[in-house]
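A short write-up of the structure that comes next.
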Amino acid sequence: MKIEKNDVLLVVDVQNDFVPGGALAVKEGDLVVPVINALQEEFKQVIATQDFHPSDHGSFAANHPGKNPGEFIELAGLTQILWPVHCVQGTSGADFHSDLNQGQWLGIFQKGKNKEVDSYSGFFDNARRGDTGLGDYLKSLSVERVFVCGLALDYCVKFTAMDAMELGFDTFVIADATRAVNLSPEDGAKALKEMEQKGIKILTSKDI
């Protein structure tokens with residue numbers, strides 16, 4: 001596949017709390033870093049998203065006495081799974097992985113800053129009440145194709161890709177440049193299937 005100058009590589013949430021040793025570690029999450037670094041060399045335009053929560057975020061189990069990670073509550077009118085405290089603003093857990101090359105990034109779009117609602121997608125919060133501005137920025141660059149990678153496949157990568165597709169971008173997910181949380185063992189496979197059903201194309205770094 002030939003990468004065009006208006007294509008963008010969208011690097012989702014490759015942060016310390018999502019790799020082994022982090023507060024919400026994704027198994028093998030660190031293995032995406034060298035793959036993404038190699039991919040970045042093929043693109044003229046690279047943009048990142050960053051999970052960036054206040055410490056009192058409503059998705060944290062610790063902020064709901066008697067609740068544990070994995071339990072469900074209602075948040076912003078939506079069913080919300082509770083997570084461990086992660087990617088808190090100003091902490092090392094929110095920082096990008098130290099081996100991830102950031103030199104050519106055009107911008108970083110932060111999400112999850114509103115404590116009242118969670119934000120998986122790099123474009124909108126889960127209730128679609130807040131907009132990060134990423135969609136308008138991509139359109140200002142005349143982007144037509146978005147290639148999504150990062151963490152985690154079954155949450156932030158999936159929802160970011162789905163919103164990119166809905167906004168009219170030709171959307172691809174690079175399967176070997178992402179890993180799944182897999183709260184259930186098949187969640188990653190289900191996410192790939194769900195995205196394909198929406199018209200998102202699944203490929204690997206070898207295709208680029």
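Values for this structure:
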{"item": "Of residues in the range 14-35 being open to solvent by 30 Å² or more (accessible area, probe 1.4 Å) and of a type in the set (D, E, K, R), the one farthest from Gln102 (Cα to Cα)", "result": "Lys27"}
{"item": "Looking only at the range 36-75, and only at residues there that are among the polar types (S, T, N, Q) and in contact with a His (Cβ under 8 Å, 6 or more places away or on another chain), the one that is least open to solvent (accessible area, probe 1.4 Å)", "result": "Ser59"}
{"item": "The range 151-167 - residue that is within 8 Å of the chain's Cα centre (by Cα) and either more than 16 Å from Asp187 (Cα to Cα) or not small (Gly, Ala, Ser) (or both) and, of those, surrounded by the fewest Cβ atoms within 10 Å (Cβ to Cβ)", "result": "Phe159"}
{"item": "Selected residue (only one of Gln80, Gln89, Gln102 is in contact (Cβ under 8 Å) with a residue 12 or more places away in the chain, open to solvent by 70 Å² or more (accessible area, probe 1.4 Å) and over 25 Å from Ala177 (Cβ atoms))", "result": "Gln89"}
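The values are calculated or read from the model by the stated rules, or taken from the named source; none is laboratory data. Predicted model, so just to flag it, every value in this text is computed and none were measured. Counting neighbours? That spans all protein chains shown, and the Cβs are built from the backbone with ideal geometry, glycine included. Quick note on the areas: whole protein, heavy atoms, side chains included, nothing else; ligands and nucleic acids left out. Shrake-Rupley method; radii C 1.70, N 1.55, O 1.52, S 1.80 Å.
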